[in-house]
Amino acid sequence: MPPLALIAGPTASGKSELAVHLAQALAGEGKRAVIVNADSAQVYADLRVLSARPSDADMGGIEHRLFGAWDGVVACSAADWAAAAKREIADLHAAGALPILCGGTGLYLRVLLDGIAPVPPIDPAVRDAVRRLALGEARAALEAEDPEAAARLAPTDTARTMRALEVVRATGRPLNEWQARKVGGIGDRVTLHPLILLPEREQLYARCDQRFETMIESGAIPEVEALLARDLDPALPVMRAIGVPEIAGFLDGTLTRTEAVAAGQMATRRYAKRQYTWFRHQLPPQWQRKSNKLSANMEYLVSLLRSYG
């Protein structure tokens, strides 16, 4: 089966640098590798700075795909990204190149590798009726109609509670039945070489703080000004990306610059913490998990070089 490299981990863990290093090492062996984005913020053209999208210099002469590929006015779902990633991966395999998936959006990776539950479209009337319920009402209804989901979901998880309830009401089947029938994943059609970067937490959080300060100095404020000038729907993912609400608060006078930076740093650290927990516990135990020290990952790089022929 064709090879697929995967370098994943929390934000600011050093994924992009390692991916470029790997691709350059392969190029030194006369082999072509291309980095494919798997980060839900870096897909948006509007978020060059705030998503830490690699610059031309950062790319180190290596081809990158699906970076800045979506206009912010269009929400990129996990299914949308997975469909595009499949096309890119198939194209690269056909050309004899190695795709290197690089990113920190676990849902993207899960949908690409494992597939997606084939839940049919939800009747708008059912969805509207469910979304009008208070959380307590929805929770009680879910306990009666899909007790397995109710037992699995936290009582305060509004979004997932509503989703599970609308699925069982619209389809007559609980959500877990649909999820057990996932389709479209490519995990069984590739030889996966995964590496998860999990630096020391304090080091990671310090990098998050420094990165946000660097973003502010590198054009994040005018980037958000340009985004706000588009007058997009505030519910769009691009408008809720880390840094956008915080800098918007500075621009409208709600926050001082210092307060906006502190809020952005806190949001980044919290996101990194959630990612860290997810990557540590939600992926197969046999997947390699290492620090972000390049020397500590040389064994992985060498093994991949040998297996990719």
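The values are calculated or read from the model by the stated rules, or taken from the named source; none is laboratory data. The structure displayed is predicted, hence computed values, not measured ones. No Cβ is skipped: glycine too gets one built from the backbone with ideal geometry, and neighbour counts run over all protein chains shown. The protein model used for the area step is the full one, side chains on, heavy atoms only, and it has no ligands, DNA or RNA in it. Shrake-Rupley method; radii C 1.70, N 1.55, O 1.52, S 1.80 Å.
Annotations for the structure displayed:
- Residue within region 259-280 that is outside any helix (DSSP H, G or I) and either open to solvent by 60 Å² or more (accessible area, probe 1.4 Å) or out of contact with any helix residue (DSSP H, G or I) (no Cβ under 9 Å at 6 or more places or on another chain) (or both) present: no
- For residue 24: the one exception among (1) farther than 17 Å from residue 186 by Cα; (2) open to solvent by 10 Å² or more (accessible area, probe 1.4 Å); (3) assigned to a loop (DSSP other than H, G, I, E, B): (3)
- Scanning region 58-109 for residues that are without any contact (Cβ under 8 Å) to a residue 12 or more places away in the chain and under 11 Å from the mean Cα position of the chain (by Cα) gives a single hit, 77.
- Taking region 151-164 as the range and being open to solvent by less than 40 Å² (accessible area, probe 1.4 Å) and either polar (S, T, N, Q) or within 11 Å of residue 135 (Cα to Cα) (or both) as the test, the residues that pass are 157, 161, 162.
- Residue in region 28-39 that is in a helix (DSSP H, G or I), in contact with a helix residue (DSSP H, G or I) (Cβ under 6 Å, 6 or more places away or on another chain) and open to solvent by 20 Å² or more (accessible area, probe 1.4 Å) present: no
- Odd one out for residue 242, checked against (1) under 17 Å from residue 271 (Cβ atoms); (2) open to solvent by 60 Å² or more (accessible area, probe 1.4 Å): (2)
- Residues in region 40-62 that are touching a helix residue (DSSP H, G or I) at 6+ places or on another chain (Cβ under 8 Å) and in a helix (DSSP H, G or I): 46, 47, 58, 59.
- Cβ-Cβ under 7 Å pairs, at least 6 apart or on other chains, region 201-213 side within 18 Å of residue 290 (Cβ to Cβ) and in contact (Cβ under 8 Å) with a residue 12 or more places away in the chain, far side of a type in the set (A, V, I, L, M) and open to solvent by less than 80 Å² (accessible area, probe 1.4 Å): 204/12; 204/272; 207/12
- Residues located in region 232-247, provided they are of a type in the set (Val, Ile, Thr) and under 19 Å from the mean Cα position of the chain (by Cα): 238, 242, 244
- Of all residues in region 112-127 being in a helix (DSSP H, G or I) and open to solvent by 80 Å² or more (accessible area, probe 1.4 Å), the one that is nearest to residue 185 (Cα to Cα): 114
- Evaluating residue 109 against the criteria (1) open to solvent by 20 Å² or more (accessible area, probe 1.4 Å); (2) of a type outside the set (Phe, Trp, Tyr); (3) within 26 Å of residue 207 (Cβ to Cβ); (4) part of a helix (DSSP H, G or I) leaves one unmet condition, (1).
So that you can scan it fast, the table gives a plain yes or no per residue for (1) in a strand (DSSP E or B); (2) buried (at least 19 other Cβ atoms within 10 Å of the Cβ):
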position	(1), (2)
142	no, yes
149	no, yes
166	no, yes
169	no, no
173	no, no
177	no, no
194	yes, yes
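- Checklist (1) under 20 Å from residue 191 (Cα atoms); (2) part of a helix (DSSP H, G or I); (3) under 14 Å from the mean Cα position of the chain (by Cα) applied to residue 7, failing item: (2)
- Region 209-257 holds helices (runs of 4 or more DSSP H) entirely within its bounds, and those carrying 1 or more residues that are touching a strand residue (DSSP E or B) at 6+ places or on another chain (Cβ under 9 Å) map to 237-240.
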